Structures are given as structure tokens and as C-alpha cells.
């Protein structure tokens, strides 16, 4: 395995020094994946929200209480799924912004090097 022949304490030392590598393609792929996750989470929230809409336990104190408890669980789950979908959409936006920022910084650095 990589690093097995290194002295103790130096295993898996992947230090690249001051080199930072970034790919516009990677960031775009991350953004696309985050959007897909958001879409799936929203679809799941929509399907889950239909669970236990009717009270199948009867119109008695136990039935109403059981139905209410199940609906509270479903409502909490739906809210969490929707929150995660929003988070995934925000992640996608951040990835697109990162692409623009890194590309702009690379272009500015290249122009600076070219002009010297």
C-alpha cells in the first residue's frame, strides 16, 4: 500500500508544498451532484408528507393521540428533508461561486505573470 515503505510517522505524507490544484470540472460536477441530491430530497419530502394523513386508529382519545404522534414524526421528517434540500442547493451555489472565484484568480495570476 502507498506509504508502507516510509519511516514511522511519515506514512501517507501527501504534502504538495504550496501547490493548490483545482479543476473547474470538479466544482461543476460537485454542483450538479448537489442539485441532484436536492431534487431527490424534495421529491422524497413530498412523498413522505402523504403518510398518515388519515386517522386509521379511530375517533377516540387513543386513536387521535396516536394519529397526532405519527403526524408529528412525519412533519418533523418532512421539515428535515426540506432543510437538507435547501442546504444542498446552497452547496451547489457555493460550488458554482467557487468555480468563478478560482477561475478569476487563476486568470488574474496568469496575467500578472505574463506582464512581468
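The values are calculated or read from the model by the stated rules, or taken from the named source; none is laboratory data. Since we're looking at a predicted model, the values are computed, not measured. Positions of Cβ are backbone-derived with ideal geometry, glycine not excepted, and every protein chain shown enters the neighbour counts.
Among the residues making up segment 55-72, those that are assigned to a helix (DSSP H, G or I) and in contact (Cβ under 8 Å) with a residue 12 or more places away in the chain are 67, 70, 71. Of 100, 47, all but one fail to be within 19 Å of residue 26 (Cβ to Cβ), within 28 Å of the chain's Cα centre (by Cα) and either surrounded by 14 or more Cβ atoms within 10 Å (Cβ to Cβ) or free of Cβ contacts under 8 Å to residues at least 60 places away in the same chain (or both); the exception is 100. Can you report the number of residues in segment 73-116 which are farther than 30 Å from residue 47 by Cα and part of a helix (DSSP H, G or I)? Here the count works out to 19.
Residues are listed down the side, and each one gets a yes or a no for (1) farther than 30 Å from residue 109 by Cα; (2) at pLDDT below 95; (3) surrounded by 14 or more Cβ atoms within 10 Å (Cβ to Cβ):
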{"residue": "8", "(1), (2), (3)": "yes, yes, no"}
{"residue": "12", "(1), (2), (3)": "yes, yes, no"}
{"residue": "17", "(1), (2), (3)": "no, yes, no"}
{"residue": "24", "(1), (2), (3)": "no, yes, no"}
{"residue": "65", "(1), (2), (3)": "yes, no, no"}
{"residue": "72", "(1), (2), (3)": "yes, no, no"}
